[in-house]
Amino acid sequence: MTDFLLELRSEEIPARMQDKAAADLARLFEAEIAKAGLAASGIEAYATPRRLALIARDLPPATEAVREETKGPKASAPPQALEGFLRKTGLARDQLAERDGTLFAIVERPGRATAEVLAEAIPAIVLAFPWPKSMRWGAASASTASLRWVRPLQGIVALFGEEVVPFAIEGVASGAATVGHRFHHPGIITIGSAVDYAAKLRACHVILDATERCGIIEDGARALAEARGLRVVPDAGLVAENAGLTEWPVPLLGDFDPAFLEVPREVIQLTMRTNQKYFALVDGAGSLAPYFICTANIEASDGGAGVIAGNRKVLAARLSDARFFWDQDRKVPLKEQAKKLDRIIFHERLGTVADKVDRVAKLARWLVEEGIVKPLPFRGGVGVGESASIAARPSTGDPHTPTLSPEGERGKLAEMAEQAARLCKADLVTGMVGEFPELQGIMGGHYARAERLPDEVADAIRDHYKPVGQGDDVPTAPVTVAVSLADKLDTLAQFFAEDMKPTGSKDPFALRRAGLGILELLGRNVIRVRLFGVIDTAMTLRGFAHPSRVDDVMQFLIDRLKVQQREAGVRHDLIDAVFALGGEDDLVRLLARVQALQAFVGTEDGVNLLAGYKRAANILAIEAKKDGEAVSGLTNTNQMGYEIVPEEESLIAALEDAEPMAEAAIEAEDFEAAMRTLAGLRAPVDAFFDRVTVNDADRAKRRARLALLARVRDAIDRVADFSRIAG
């Protein structure tokens, strides 16, 4: 068994493409050799800035002979069928075999040398390689049929054992020669086989394994920082990016003028990360330190002093630009900046950003005034229905002059929520956000604080986009919650009002993200609200009223909640059992049912409740199929119309006790207590089945007993639809 080495050397491969390219190379190679019946014991794929490499372990010297047999039509089949089969197989009639009146095409394929298979496979892989972006070059680029590669392909190493696998791709011939590090060892080196490949590259200042390069960067950066009493700000993505930019990584510590620290920390870190690929450092208190770590791709003779000086100079220019934006933006109050939002189109059918801000401000204030978002401490609450409308409520447009001045904490909270909402998008027109769009919201918070606006307002402006993805922080401060919730509700309601819903995998307006954000805000803050009314209010802010569209938004949110719960590990059948009840638009209560059911079904009481339900429901389903006659529950023994047996009396008595207790528990939202109470029906239900003939010849008895079972089923279905639960 022999190892195969492949190296595809080119000009610099973008760091962001390297990991996927290595994985694609392994995947395509495995699939291509499998067509010839080959399989390696293991495939290793590597990427550096200048090369993609693959080592396939333990390939046989040749493929095995293959006998392929294809079943055809009957020997007596019409001529057309036979002709079609012959065309498919490429054989003549006398080359077919016949067994038991059926024709077979049998093809014997001799084994092939593995090197020959590889010589065909590699060009096919290269020509079909799925780079996200690729290019043509040289004279051949005049033809669209020429090779496309991420960057100009410069060399190919292809060794099966110690022998070169001969082939050529667009004039680049395979061989055993490659080059080392661009600066330390730019000359040709000859590879003997896969065995010495990594070692020879290392000797020429090329570390093949990206994981090892990442480790060198992390360990080196940590050591440099600790020597100064500092810590590196963790950033796995930046580590990987630096590893993708270097074949011989050398971390170096540099510094910058501490005066730049007056610029917001996020700006400095983003400037260093995005523009320069530098790591930021913090001191023992967690404050940003005036230092950076860069990663050189060379071991400089001066210990890196020249590299550091050059990077320090470039960073100073970048930070000077950032400080200019910071100083200029602060000269214009956010209130004045917000007036420019009418120049930005939010969506051609939904107006400008200024229009959106006006809706969000009204909605944020309404969420507070109606008690949906409450002053601290958060305690949940009753919530709100569909009683209030704010579409026609007048507004001064002045964030410092609220439209209403209710007394107490709610009034203060409402004022701050409206103020924050009216300013939350103002930083979109600032120079800093124009340069760094990633800082929208964050810069608004800094500018608000610089204006000495209330901290609650500044925090809400900063965090109103949150949560923006799974695992992101969920705001809990009341003003922030009001603005964030209003912003996401408006986005969802208005796009649905215009029938611009997500379809399949397409979600151009990030409505799924907005929906999940709403769910996170409601759940994390235990906000009790009749959501149908809130959505209806959000939709009417633009003069739109259409109940079916509100229903669409509700169903959309419920679907998102189902996905969220499945990802959290809740059984899908339990989710379906609760959601099948329908008519519930308090998502916090809905989620409480799901969580209670999840905790209950695995207990002994849960098993008993499910078993009792299944017995009753199965009998009812069977009898319903026989005559299709509906049954209804009974309220007391006097309705039976005949002399009942003790087991019937016991079950009726148990229901008389359990139903009001379960109902009270459901009203109190103690769903687990309701289920425990109903689980007590198991014993009388079992006794009923053991001693009572449900399908009695007396039609009156039969109907009454079925009605009794329906009463058991319906009592349990008040908690969840147990017919959907497996078990």
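Scanning region 251-277 for residues that are more than 27 Å from the chain's Cα centre (by Cα), closer than 15 Å to Ala322 by Cβ and of a type in the set (Asp, Glu) turns up Asp257, Glu262. Might you let me know whether region 460-474 holds any residue that is surrounded by fewer than 18 Cβ atoms within 10 Å (Cβ to Cβ), in a helix (DSSP H, G or I) and out of contact with any strand residue (DSSP E or B) (no Cβ under 8 Å at 6 or more places or on another chain)? No, every residue in region 460-474 fails to be surrounded by fewer than 18 Cβ atoms within 10 Å (Cβ to Cβ), in a helix (DSSP H, G or I) and out of contact with any strand residue (DSSP E or B) (no Cβ under 8 Å at 6 or more places or on another chain). Cβ-Cβ contacts under 8 Å between residues 6 or more apart (or on different chains), taken from a first residue in region 290-302 that is under 12 Å from Val232 (Cα atoms) and in the same structural domain as Pro249 (by TED's automatic domain parsing) to a second residue that is loosely packed, with under 15 Cβ neighbours inside 10 Å and of a type in the set (Gly, Ala, Ser), are absent. Answer yes or no as to whether Val232 is in contact (Cβ under 8 Å) with a residue 60 or more places away in the chain, more than 27 Å from Val206 (Cβ to Cβ), of a type in the set (Val, Ile, Thr) and crowded, with 20+ Cβ neighbours inside 10 Å. Spelling it out, it is not the case that Val232 is in contact (Cβ under 8 Å) with a residue 60 or more places away in the chain, more than 27 Å from Val206 (Cβ to Cβ), of a type in the set (Val, Ile, Thr) and crowded, with 20+ Cβ neighbours inside 10 Å.
Within region 273-288, the set of residues being under 14 Å from Ala316 (Cα atoms) and at pLDDT 95 or above comprises just one member, Tyr278. Restricting attention to region 150-160, does a residue exist that is exposed (fewer than 14 other Cβ atoms within 10 Å of the Cβ) and small (Gly, Ala, Ser)? Within region 150-160 (the criterion being exposed (fewer than 14 other Cβ atoms within 10 Å of the Cβ) and small (Gly, Ala, Ser)), the answer is no, since none of the residues qualifies. Among the residues of region 517-531, is there at least one that is charged (D, E, K, R) and closer than 19 Å to Glu370 by Cα? Within region 517-531, one or more residues are charged (D, E, K, R) and closer than 19 Å to Glu370 by Cα. On the basis of being of a type outside the set (D, E, K, R), within 37 Å of the chain's Cα centre (by Cα) and surrounded by fewer than 18 Cβ atoms within 10 Å (Cβ to Cβ), does Gly171 make the cut? In short, no. Which strands (runs of 3 or more DSSP E) does region 38-156 wholly contain that include 3 or more residues that are more than 49 Å from the chain's Cα centre (by Cα)? Strands (runs of 3 or more DSSP E) meeting the threshold: 97-99, 102-109. Exactly one residue out of Gly383, Gly445 is at pLDDT below 90 and either closer than 18 Å to Leu521 by Cβ or surrounded by 23 or more Cβ atoms within 10 Å (Cβ to Cβ) (or both), and it is Gly383. For the condition more than 33 Å from the chain's Cα centre (by Cα), under 30 Å from Trp137 (Cα atoms) and surrounded by 13 or more Cβ atoms within 10 Å (Cβ to Cβ), Arg9 qualifies. Might you check whether a residue that is assigned to a helix (DSSP H, G or I), surrounded by fewer than 22 Cβ atoms within 10 Å (Cβ to Cβ) and touching a helix residue (DSSP H, G or I) at 6+ places or on another chain (Cβ under 9 Å) occurs anywhere in region 489-499? Yes, because at least one residue in region 489-499 is assigned to a helix (DSSP H, G or I), surrounded by fewer than 22 Cβ atoms within 10 Å (Cβ to Cβ) and touching a helix residue (DSSP H, G or I) at 6+ places or on another chain (Cβ under 9 Å). Return yes when Leu367 is surrounded by 21 or more Cβ atoms within 10 Å (Cβ to Cβ), in contact with a Leu (Cβ under 7 Å, 6 or more places away or on another chain) and either in a loop (DSSP other than H, G, I, E, B) or assigned by TED's automatic domain parsing to the domain that holds Val483 (or both) and no when it is not. Here the answer is yes, as Leu367 does meet what is asked. Quick one: is Ala577 modelled with pLDDT under 90 and of a type in the set (Gly, Ala, Ser)? Against the criterion (modelled with pLDDT under 90 and of a type in the set (Gly, Ala, Ser)), Ala577 does not qualify. When Glu226, Glu247 are checked against the criterion of being part of a loop (DSSP other than H, G, I, E, B) and modelled with pLDDT of 95 or more, Glu247 stands alone in meeting it.
In a residue-by-residue description of region 664-676, the property of being in a helix (DSSP H, G or I), of a type outside the set (A, V, I, L, M), within 17 Å of Lys614 (Cα to Cα) and at pLDDT 90 or above applies to at least one position. Could you tell me whether any residue of region 660-669 is β-branched (Val, Ile, Thr), in the same structural domain as Ala617 (by TED's automatic domain parsing) and without any contact (Cβ under 8 Å) to a residue 40 or more places away in the chain? No, region 660-669 contains no residue that is β-branched (Val, Ile, Thr), in the same structural domain as Ala617 (by TED's automatic domain parsing) and without any contact (Cβ under 8 Å) to a residue 40 or more places away in the chain.
The values are calculated or read from the model by the stated rules, or taken from the named source; none is laboratory data. Predicted, not measured: the structure shown is a model, and the values here were computed from it. Every residue, glycine as well, gets a Cβ built from its backbone with ideal geometry; the counts of neighbours run over all protein chains shown.
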